[in-house]
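The values are calculated or read from the model by the stated rules, or taken from the named source; none is laboratory data. Note that the structure is predicted; figures quoted are calculated from it, not measured. Glycine gets a Cβ as well: all are built from the backbone with ideal geometry, and neighbour counts include every protein chain shown. Keep in mind that these areas ignore ligands, DNA and RNA; they rest on the heavy atoms of the full protein, side chains included. Shrake-Rupley method; radii C 1.70, N 1.55, O 1.52, S 1.80 Å.
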Amino acid sequence: MASNAPVTVSITRSVDPERIPDVTRWVQAGVNLANRYPGFLGSGWVRQGADSEHWHMLYRFADASLLESWETSADRRAWLESGTGLVRESRTERRTGIEGWFDSPQPSSGPDADGLAVGPVAPPRWKQATSIWLGFFPVNLVFTLLVTSLVPGWSDLATALKVLLTTLVLTPIMAYWVLPAVTRLLRRVGFL
């Protein structure tokens, strides 16, 4: 995990439906505590559904060392102890960079030192880069061929403007459709 990259922690917790008001107060107390620590970038929590006892909670810190300061703090330990009996953790994942942005949660890679399930290990950066290139090259090629043949004066535009327009169009296409499809395909064939 890159030490200078923001780190997002995702936790799935089981909550007794009879204790939702207590859990809500407990979670908010934890957010208020984390907010006092340097590098805290925010948090969120949602239930899987109206009748679900599974809650998904996220928090993010500016880098791994600031996250570690929070996670090893006496404040956090005391807060977690105050939640004993309210929630049960079933899965914890830490993510940096692009890994995990375009795929669904995968089965756990095993328990961590505290016996909690942790998320899958991110593929090596070269596999991530290859995955992005496999999606980006054909999309960029088709886009370039189309706009140069269909948009009058495209070749006369300044390079910076062409790159700006290209990235404005292609970024959502890549993020919402191409990269998720490439990730699924590469996982199916065993590359990821």
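Across segment 43-63, the number of residues qualifying as in contact with a strand residue (DSSP E or B) (Cβ under 8 Å, 6 or more places away or on another chain) and open to solvent by 20 Å² or more (accessible area, probe 1.4 Å) comes to 14. Pairing residues of segment 125-151 that are farther than 14 Å from I173 by Cα with residues that are of a type in the set (S, T, Y), at Cβ distances under 7 Å and at least 6 apart in sequence or on separate chains, gives S131/T183; T148/S155. If the condition is being assigned to a helix (DSSP H, G or I) and touching a residue at least 60 places away in the same chain (Cβ under 8 Å), then segment 5-47 contributes R19, D22, V23, W26.
For segment 138-158, the count of residues that are hydroxyl-bearing (S, T, Y), touching a Ser or Thr at 6+ places or on another chain (Cβ under 8 Å) and over 30 Å from F191 (Cα atoms) is at least one. The residue that is modelled with the highest pLDDT, counting only those in segment 14-57 that are under 20 Å from the mean Cα position of the chain (by Cα) and polar (S, T, N, Q), is N35.
For a quick check of your reading: which helices (runs of 4 or more DSSP H) sit entirely within segment 81-192 and have at least 3 residues that are surrounded by 14 or more Cβ atoms within 10 Å (Cβ to Cβ), modelled with pLDDT of 90 or more and out of contact with any Gly (no Cβ under 8 Å at 6 or more places or on another chain)?
Details: elements: 125-150, 159-173, 179-188.
Per the criteria, 125-150, 159-173.
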